There are 2 protein chains.
Amino acid sequence: MFTIDHLGIAVKSLAAAKGIYQKLGLSISAEETVEAEQVRVVMVPVGESRLELLEPTSENSTIAKFIAKRGEGLHHVSLRVPDLAAAVERLKKDGVRLVSEEIKVGAGGHRYVFVHPSSAGGVLLELVEAKH
Amino acid sequence: MFTIDHLGIAVKSLAAAKGIYQKLGLSISAEETVEAEQVRVVMVPVGESRLELLEPTSENSTIAKFIAKRGEGLHHVSLRVPDLAAAVERLKKDGVRLVSEEIKVGAGGHRYVFVHPSSAGGVLLELVEAKH
């Protein structure tokens, strides 16, 4: 089963960016810091998906560099796929450009890979494994 | 009930952009032309949401201008909200910047409004009414 797992949105200020979702009546998580990524995060669950608002905590973070170059806005789209290893195998065989060739393991043990925007209509596309 | 209705993705070529989703095993719609928006569209259903790949058919289309300025990538995020009129009323009262103050009626009778990116962390946010 494919789903949109989350949208990662790069923002300068969580306080400002979360306002619209609160005003719409969505519930939002407490702010949390992810040291490894040098960001503070607020999650906004929306149906089976969620929005992740990402505010950089350092000028060196990937998100800070993205904002400096492109401004605030969508940073990545994360899709949950049924069989990540099989998907990566097929994409490699078909010449799709991945940001790294290896499946990585993130916080909480979730496995992921990024497809380069040049192979996905300008979108940085994360693929994560669906829960079993 | 809130859901992500769709993500609108501006692309130069549907043929190139849809490849990644076909390779992942997602089913995609036939190409369709929306004359009013001067785009050709491919829909990729993903769980309760869908991706809309948008290729301009004219240099004057909004999507062509977006690509010329920003390159390919996410154009808008569309959220389904339970009560659109109430949401718009509250947002206006709270000083949220809308692209147009009025709720518009699109193809198939769906009602929508756009929140300006300056009020939504750099994301052009469409609000559509949930089906009853």
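Odds and ends about this structure:
- Hey, B:V96 part of a loop (DSSP other than H, G, I, E, B) and touching a helix residue (DSSP H, G or I) at 6+ places or on another chain (Cβ under 7 Å) or not: yes
- For the range A:54-90, a residue qualifies if it is under 21 Å from A:G122 (Cα atoms), of a type in the set (D, E, K, R) and more than 11 Å from chain B (Cβ to nearest Cβ), and the qualifying residues are A:K65, A:K69.
- Qualifying residues in the range A:1-16 (those that are touching a residue at least 12 places away in the same chain (Cβ under 8 Å) and farther than 13 Å from A:P56 by Cα) - the one surrounded by the fewest Cβ atoms within 10 Å (Cβ to Cβ): A:M1
- Meets criteria (in a strand (DSSP E or B), within 8 Å of another protein chain (Cβ to nearest Cβ), touching a strand residue (DSSP E or B) at 6+ places or on another chain (Cβ under 7 Å) and at pLDDT 95 or above) for A:I9: yes
- Qualifying residue in the range B:64-77 (condition: β-branched (V, I, T) and either farther than 26 Å from A:S13 by Cα or surrounded by fewer than 20 Cβ atoms within 10 Å (Cβ to Cβ) (or both)): yes
- All told, A:S118 falls short of being within 12 Å of chain B (Cβ to nearest Cβ), out of contact with any helix residue (DSSP H, G or I) (no Cβ under 7 Å at 6 or more places or on another chain) and surrounded by 16 or more Cβ atoms within 10 Å (Cβ to Cβ).
- Scanning the range B:16-53 for residues that are in a loop (DSSP other than H, G, I, E, B) and facing chain A (nearest Cβ under 10 Å) returns B:K18, B:L24, B:G25, B:L26, B:S27, B:G47, B:E48.
- The set of residues in the range A:87-113 being free of Cβ contacts under 8 Å to residues at least 40 places away in the same chain and loosely packed, with under 12 Cβ neighbours inside 10 Å consists of A:E89, A:K93, A:G95, A:S100, A:E101, A:E102, A:K104, A:V105, A:G108, A:G109.
The values are calculated or read from the model by the stated rules, or taken from the named source; none is laboratory data. The structure displayed is predicted, hence computed values, not measured ones. When we count neighbours, we look across all protein chains shown, and the Cβ atoms used for this are built from the backbone with ideal geometry, even at glycine.
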